[in-house]
Every structure is written in C-alpha cells, then in structure tokens.
1. Beyond a 30 Å Cα-Cα separation, which of these cross-linked pairs lie in this structure: Lys62/Lys339; Lys150/Lys214; Lys125/Lys339; Lys339/Lys515; Lys124/Lys515?
2. Rounded to the nearest 500 deg cm²/dmol, what is the calculated helix-only ellipticity per residue at 222 nm for the chain, with -39500 (n - 2.57) per DSSP H run of length n ≥ 4?
3. Quick one: which of 475-483, 324-332 comes out on top by average Cβ neighbours within 10 Å, and what's the full order, highest first?
4. Within the range 283-386, list the trypsin sites (Lys or Arg not before Pro) lying in a DSSP loop whose Cβ has at most 13 other Cβ atoms in a 10 Å radius.
5. Quick one: compute the contact order of the range 323-425, relative version, from alpha carbon pairs under 8 angstrom and 6+ residues apart, as a percent.
6. Using packing as a proxy for protection, rank 370-377, 402-409 so that the peptide with the highest average count of other Cβ atoms within 10 Å comes first.
7. Tell me the angle of helix 377-387 to the major Cα principal axis of the chain, expressed in degrees between 0 and 90 and rounded to the nearest ten.
8. Decide, for the range 154-235, between rounded, prolate and oblate: order the square roots of the alpha carbon gyration tensor eigenvalues as a ≥ b ≥ c, take rounded if a/c falls under 1.5, and otherwise choose prolate if a/b is larger than b/c, else oblate.
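Taken together, the values in this text are just the output of simple stated rules run on the coordinates, not laboratory data. It should be emphasised that the depicted structure is a prediction, and the values quoted were computed from it without experimental measurement. Here the Cβ is made from the backbone with ideal geometry for all residues, glycine too, and neighbour counts use every protein chain on show.
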Amino acid sequence: MSQSSASTAVEDGHSHDDGPEYPPGTVMLHSKLKTEKENKLTLVPTPTDDPRDPLAWPMWRKCLNFGLLSATTMALFTGLSIQHIFWAPMRKDLNVTYDDLTRARAAQLGSEAIACVIFIPFAKKYGRRPVYIASTFTFTWASWWSAYMKTVPELFLSNIFKGIAAAVNETAVQMSVRDMFFVNQRGSANAVYLAALKFGTSLSPIAAGAQAAKTGWRSSYVTLSAVMTVVTLLFAATFEETKFIPRAQGNAAEKSRRGGARLQTGDGVDSTRGETVAPPPERVRWPRDMSLQFLTTTDESIWRTMWNPIHVWWMPHILAASFIYGSSLALIIILSSMKSIIFPAPPYSFNPGQLGLLQLAPFVGSCLGIFYGGYLVDRLIVWLARRNQGLYEPEMRLYMMPLPAMVMAGGLAMFGITAGRGMHWIYPCIGSAMTSFGFGALGDMVLTCVIDAYPNMVSLAFVAIAFFRNTLSMIGTFGLGPWRGSMSVESMFIIVAVASLVINLFALPLVIWGKKARTVTAARYRRLAT
C-alpha cells in the first residue's frame, strides 16, 4: 500500500486493505501531501464536517468539557482517598479495628469491579452524560452518608456505593478521551485525567487531614460533601455529551425503530467518521447549542455489551495493561494503607494533619510521572512515526517504560526499608514520591496504548481492565492484615519491589510482538467493535 492510500485509513486505525502491515491501531500519522519534502501531521481519527462532532470542536471547548470531567474526577477520588487518613480517630468513634477498615476498603474495590461490568454498557448505549450524572449524584449522597455514619454496616455500605460511582466515572473517562482527542493528543489528555486523579488522592488529603486534626474527621466529610454537591450540579448543567452519532447513522437508527435495518455501532459510533454522509448542518453557536441532551441512544444490545468484555480480556494488549496497571495500583494501595498503620504509631506518632502532609510527596512524584508518560511520550510517538515512514504503532508508547519501572521498584523498596526501620520520615516520603512517579508514567503509557490499539473497543477493553484492576486491589487489601502479621515491613516491601519489576516486564512481549498480536486479533476486534 502506498503512503497516500495509507493516509486515508479509517477511524478504527486499520487500512482499507486490512493487511498485516496495517492491523488495528497502525495509522499514518505523517503523510506527504504537497511535496516529497513536506510532512504534515494527519489527524487520526479523521473528524467529520459536522460541528456537533466532538473531534471537530475547537480546543477551548474540548478543554472546558474535559476540565469539568477532571474536576469531577478529582472530587470523586478525594472521597475515595481521605478515609485512610482518619483511620485512627475512626477506630475510636465507630469502635472498629484496622481489619474492619481494610475490609471496608476492600469492599469498595470489589464494588468498583462489579459496577463497571454492569453500568458501563449503559454509557455505550445511552451516552456518557447520563451515566456520569448518575454516578456523581450517587457519590455525593454516599459522601453525606459517610459524614454521619455511626455503625460498621454503614461504613461498609457507604464505601460500596462510593465504589460503584467511582467505577463508572473512571472507565467512562477513557471513552470520552477517545471521543474528543486525536491519537497524538490522547497521552496528554490522559495525563490531565491522571493528574486530577492524583490531586484527589494525594493533595486533597492534606487539607482534609488538617481540618480533621482541628475539627474532627466528620467535618472533613461534610466539606467534601458540600463541594461534591456544587460540582455535581455544575456538571449536570454544563457537561456536554461526547458520544457522537453522524447524521447518516442517526437516520438509520430512526429507520431501525420503524422496522428497518438494524444499526450496529462501535464504541464511538464513528464508523462513518471521515466519510461524506450529509451536507454539514448550520454553524453551532455555543452555549446556545450545547450538547446537553440526557440520552444519546444507539442500537447496541445491553446484554451483549455486558458479556463481550469476557471475549476481550485475553487479547494481548488488554491482558498486559490489566496486569501491569492493576497490579501496580494494588501495590500503591498497599503502600497507602501501610502509611495509615505505620505513621500514627511510634516512633512517628503522626496525627491526621501530618498524615495528610505525607501525601505531598506522591503528588509531586505523580505530576512528574504523568508529564513523562503523557506529554513527553506524545512528542516521542510523533518523532518515531516520522522515522517510520509516517506510520504510528501503539507499542511505540511503551519504549520509555524501563525508567519508570525501575524507579517504581526502587521507591517501593526504599519506603519499606526506611519506614520499617523507623528512619526519618523524609526517606519514606522520597520512596513514596519515586513510586508515584513510576506509577503515573506507567499508567498513562499502558492505558493510552490500549486506546490506540483498539480504538473502537474502548468501553469493552476498559471494563475488562477495571474489573481486573479492582479485583487485584481487593485481594491485596484483604490480604494485607495477615501479610503484615507474618513478616516485617522491610521484608514485605522488598517482595513488593521485586514483584513490581517483574510485573512491568510483561510490557516487553508487547513491544516485540505487539503488532503481530494485533494482526492475529484483527478479525475478533472488528467483530466485537460492531
């Protein structure tokens, strides 16, 4: 196939020839359009001429919409992350043990695993907006409940409902990233999302801990709930739907409802993107013509969409991303939980305010890691594609993985050895920052690689990834009590560090054989993406 024909690749990232040279995910990122010496960056996916298409939105409108999504994400993950700072006072107020608190956190993770399987198909069929709104309202209600809970069952139930709401948000976000951004922008978009997530998990707890030290842990939950209420109302009023149905498909859907042919759609309902399907509509005027419809319905089967993740989890890119991201997050959760057990006890004797300040180090590390895995990798793939005759391969995002993999393993070992020996708190903080740098970079790289490799199957892929990830995290949290009782903190984290390094080696087969794997799975991908 010539370069000129390759540059007309369709949205799902494979050429019209569908040969082994252009499997799903391989796209022409550079094409020689005017002269043999002039390279132009090709927009992949190709936007339509319809101004309702989120890909065709001006950048300020994309940033505004994604900013709302990031703000909501930050608030949600603040609610998921602050509880472990309050464990010491909560033990007294609720008459619970550390084992009860870790089990409640495990229940939250278990509900996340199940909820993404059940509710994400609704985001695919009815649009992202109604699912986002329902999840934020649910989380706000559960946050108010947490502020006034008095019993152990309430602790478990409030955590379960927060887990359900968060699972929907974090999985659907990847669908919106795919809806709004081009291939060379997705790493940076995911970096913004992960930065918001880390702000919620690392920086917000500093303020929550300081407030709890002065006025009690319940007041921190009241503040969170009030903020969540405002964010939820703002989100419901202004967040625009990112699912796009081209006009030709919208007409087909209407015919289908009247007894015509059945409309089959992919993840972004964009199998016709880049084709001339109808005259462009009148110019959209913002905010008058904002996409605030509550439902954007297409003809997928809910039951089929719930079942299909079983058929995708074993595909090499999805399996590797699930294992790398899920296992790494489980190790981060173990580190976070151990902070809440080690530092309130001698020789540190930290109060909730001081525990909150410990989150500053991982926040700094995460920001550096997200910049590395997002912006720098986005720049790298453009350069690599230019050197590869214009062709971009999703595995190119993994070329910079060795550094964060080694830094993360070193950080885990440093945290465990220094905290286990009761050394000055700065040393565990450095280890925590190194760990977060590694996780931030690795997470951005592997998740964006999956989006690029199977772009029309994002919802199915991320349901599988989220289920696998939350299941591993739940197992790690449940096993934390017996594990820490059977060996020293130093021994625990040496094992964890070695495990982290071994886990990240699973990216190596993708780098070597990833394109071949995409070629082998191309037929299954196209079948599941329709």
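1. Correct reply: Lys62/Lys339; Lys125/Lys339; Lys339/Lys515.
2. -22000 deg cm²/dmol
3. The peptides rank, most packed first, as 324-332, 475-483.
4. Filter output for the range 283-386: Arg283, Arg285, Arg288.
5. Averaging sequence separation for qualifying contacts and normalising by length gives 22 percent for the range 323-425.
6. 370-377, 402-409
7. Helix 377-387 sits roughly 40 degrees off the main axis of the chain.
8. It is prolate, given that a/c is not under 1.5 and a/b is the larger ratio.
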